[in-house]
Amino acid sequence: MNPEDDPVGPSFIGLSIVVPVYRGAATVGRLVEALSKLRPAGGLEIILVNDGSPDESGDVCRRLAETATVPLTYIEHARNFGEHNAVMTGLRHARGAYVINMDDDLQNPPEEVVRLYDHARLGGWDVVYTRYAKKEHEGWRNLGSRFANWVADQLMDKPKGLYLSSFRCMSAMVVREVTKYSGPYPYIDGLVMQVTQRIASIEVAHYAREEGQSNYTMRRLIRLWLNLATNFSVLPLRLAIFAGAGMGALGFILAVFVVVEAFFRETPSGWASSMTLMLLIAGVQFLILGVMGEYVGRAFLSANGKPQGVVRDVVRPREPATHE
């Protein structure tokens with residue numbers, strides 16, 4: 001697509017940037033300042049979603065809403081719901097022809113935003129992910145990301161080898177479809193894969209964290225993996241079936257072995273083999289029950305109306321959006 005064929009018309013905001021904020025008081029101001037200097041086609045707006053941050057992020061974001069030189073919307077969650085839930089709230093308030101979401105910690109370079117946006121709009125892509133030549137995360141985080149992407153390869157219909165980064169650009173059409181999901185356990189990449197396969201990726205820089213430490217603990221990563229595994233695939237249930245069938249076959253083989261042993265030995269002990277079999281079967285049974293319980297529990301909470309996010313307050317831009 002040529003720049004002359006740009007789908008962003010003069011009456012629309014070209015780009016919305018959604019930033020979930022959690023413990024970002026020290027960095028979100030610098031991020032907004034850097035983003036405000038960008039000049040993407042069609043103009044931009046910034047949407048900050050304070051996801052129940054326990055630090056002074058709320059006060060900082062309110063001051064930014066008063067002083068920002070670009071349209072800035074501040075949304076405050078009533079409590080912490082999680083990164084993907086916060087992004088979903090931000091997406092619902094986005095007005096851009098394209099929407100980029102990025103973290104508040106300055107590890108995603110603001111100067112890469114326009115390149116990501118232009119790649120999506122000029123290439124006609126519905127979604128563009130970013131990938132990193134080198135990730136400046138701690139080792140365990142990198143391993144966790146690789147594991148999550150491997151799980152996504154097994155469970156989701158995603159292009160082979162695509163790295164699922166939280167620094168991504170989506171078209172308004174994709175945002176509209178993704179935000180139709182109202183359940184309490186969103187996984188944005190899973191929702192994206194259900195909407196489109198017109199997906200690309202570009203390589204961008206990744207900076208080391210300047211302030212604090214990652215908000216993703218092992219517990220949060222496990223919760224994210226569970227959202228991926230149980231919200232967008234029944235493969236875990238099918239694996240549980242295969243595990244049960246495998247243990248049934250093993251039990252049959254051992255039963256035959258015990259009968260044969262009874263015929264040819266006078267005093268077969270059998271205690272070790274029996275205990276081994278009992279422990280194996282019990283372990284697989286508990287595994288299957290756990291998988292089924294996770295699905296049932298999530299269905300129960302969804303049916304009982306567990307909220308995806310509760311918005312306490314919205315501070316809208318002080319001035320009407322203008323476009324250069």
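The table for this structure:
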item	result
For the range 2-110: relative contact order, % (alpha-carbon pairs under 8 angstrom, 6 or more apart)	40
For Gly58, net neighbour charge (Lys/Arg +1, Asp/Glu -1) across residues whose Cβ lies under 14 Å away	-3
Residues with amide H under 5 Å from that of Ser201, placed H, sequence gap 5 or more	Tyr129
Full-extension gain in nm, Ala205 to Phe242, via 0.36 nm per residue minus C-alpha separation	9.1 nm
FRET E, pair Tyr181, Asp55, Förster distance 25 Å, beta-carbon r, rounded to 0.05	0.25
Rough spin-label spacing in nm, given labels placed 7 Å along Cα→Cβ, for Phe12 and Ser274	7.3
Length added when fully stretched, Ile253-Ser36, from 0.36 nm per residue minus Cα-Cα	71.2 nm
Whole-Hz couplings from phi, Karplus 6.51/-1.76/1.60, listed for the range 85-100; x for Gly and Pro	5, 5, 5, 4, 4, x, 4, 5, 9, 7, 10, x, 5, 9, 10, 10
Extension gain from Thr69 to Ala133, taking 0.36 nm per residue of separation minus the Cα-Cα distance	19.7 nm
Sum of side-chain charges, Val175 neighbourhood, beta-carbon under 15 Å (Lys, Arg +1; Asp, Glu -1)	+3
Interchain or long-range residues, amide H under 5 Å from Gly96's placed H	Ser16
Cα gyration tensor shape of the range 15-130, rounded if a/c is under 1.5, else prolate or oblate by comparing a/b with b/c	prolate
FRET E, pair Ala78, His119, Förster distance 30 Å, beta-carbon r, rounded to 0.05	0.25
Exposure proxy ranking, count of Cβ atoms within 10 Å, fewest first, for Thr89, Thr196, Thr67	Thr67, Thr196, Thr89
Estimated vicinal HN-Hα couplings, Hz - the range 160-172 in sequence order (Karplus 6.51, -1.76, 1.60; Gly, Pro = x)	4, x, 6, 8, 8, 9, 7, 9, 9, 10, 10, 6, 4
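Where a number appears in this text, it was derived from the coordinates with a stated rule and is not lab data. The structure presented is a predicted model; accordingly, all values stated were derived computationally and were not measured. All Cβ positions, glycine included, derive from the backbone under ideal geometry; neighbour counts span all protein chains shown.
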